């Protein structure tokens, strides 16, 4: 097995790959922490009003009919 | 290709070392594309805008907001370097930037700029609110399309109007926290807006041939140096009442007023010294005064926003409110 001396070009490529890897990992961690914080702070998510969904104060969200009776 | 050769070995041999080296930018080259020094100013002013706001987001959301405001600014820097690569190559100050020096291809700068712009606006919207995200999107649009693609090569007022792009970050920071824009946010914007022309014109005075070589119609090129010196004086005088007005708003106070008064006196004195000089005097001492005023203008902005930060800290402790 031969060990070739590392060329400067390999150093640059390594720095780019490590940099992109670290940036992506940081983005994933930040997204996770942001999600946890949003959920624990009861950020209202009005788009998700399925069964079991609650308001920020903990009261259950009651689904409203899209069409009123008699219309 | 033998067993011990890699593709890059072959590429190096076939294409020539320099070509391949240019095609292999390091991570630092991409960071440089985001104009980290400009980003530091954006981070600081946006941070102050967030801290002085009356309402606050939780910590992770606040951190995410400021991170993506900074990345949005970086994205507009990358797009500016993509668009201005031709004139950057002609100016001493900018010739070593990653695109004109060939370390990064224009397409890579464009790709990074667009991707980061979209990501930063979406993430700010998710972390904070749509008002802040909309303002950030407008800031990027204003810097890249209105300033870089439009005003910069068309009119000597490029810096005056284009300065708005650099003035938005504290307003975006404020909007991220409050979901709206108020008088205080507008005054912070106005301070940077009025500060930008004398700051850049001082730079243009001692970066003598750069702008004329590149054909950029800076005031020094179109109206001459004497007129530029007068303009610096006028804008510095106009900046003072705007900066002082901020001290009488809800985010100001006595500490800010004292600091702002001293800084404005210093800046006006510097502008007056620039006004009194002619080109022969400036050439004789290698633009010593102009360089000093340029450096002072940087200190001015950091200190003005630093004083706002000090006021917010004092307000938090129950001191310093007007």
- Note on the structure: All-but-one check, residue B:20 against (1) modelled with pLDDT of 95 or more; (2) farther than 30 Å from residue B:179 by Cα; (3) within 14 Å of another protein chain (Cβ to nearest Cβ), failing number (1)
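Please report, ordered by residue number, the helices (runs of 4 or more DSSP H) entirely within the range B:52-158 with at least 1 residues that are surrounded by 24 or more Cβ atoms within 10 Å (Cβ to Cβ). Explain how you work it out, then say what you get.
On the way: elements: B:59-83, B:85-88, B:106-127, B:130-141.
Answer list for the range B:52-158: B:59-83, B:106-127, B:130-141.
Rundown of residues vs (1) farther than 15 Å from residue B:294 by Cβ; (2) in a loop (DSSP other than H, G, I, E, B); (3) within 22 Å of the chain's Cα centre (by Cα), yes/no style:
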site: B:230; (1), (2), (3): yes, no, no
site: B:234; (1), (2), (3): yes, no, yes
site: B:237; (1), (2), (3): yes, no, yes
site: B:240; (1), (2), (3): yes, no, yes
site: B:245; (1), (2), (3): yes, no, no
site: B:250; (1), (2), (3): yes, yes, no
site: B:260; (1), (2), (3): yes, no, yes
site: B:264; (1), (2), (3): yes, no, yes
site: B:271; (1), (2), (3): no, no, yes
- The number of residues in the range A:16-60 that are modelled with pLDDT of 75 or more, more than 9 Å from chain B (Cβ to nearest Cβ) and part of a loop (DSSP other than H, G, I, E, B) is 0
- Task: May I ask you to list the residues in the range B:23-56 that are facing another protein chain (nearest Cβ under 9 Å) and either within 26 Å of residue A:31 (Cβ to Cβ) or touching a strand residue (DSSP E or B) at 6+ places or on another chain (Cβ under 9 Å) (or both)?
- Result: B:27, B:28, B:30, B:31
- Taking only pairs six or more apart or across chains, which ones have beta-carbon atoms under 9 Å, a first residue in the range B:222-241 that is at positive phi, and a second residue that is outside any helix (DSSP H, G or I) and modelled with pLDDT of 95 or more? none
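Against the condition surrounded by fewer than 17 Cβ atoms within 10 Å (Cβ to Cβ) and at pLDDT below 95, how does residue B:318 come out, does it pass? Steps first, please.
Values: surrounded by fewer than 17 Cβ atoms within 10 Å (Cβ to Cβ): yes; at pLDDT below 95: yes.
Considered against the rule, which asks whether it is surrounded by fewer than 17 Cβ atoms within 10 Å (Cβ to Cβ) and at pLDDT below 95, residue B:318 comes out as yes.
The values are calculated or read from the model by the stated rules, or taken from the named source; none is laboratory data. Keep in mind that this is a model prediction, so the values were computed, not measured. Backbone-built Cβ (ideal geometry, glycine too); neighbour counts: all protein chains shown.
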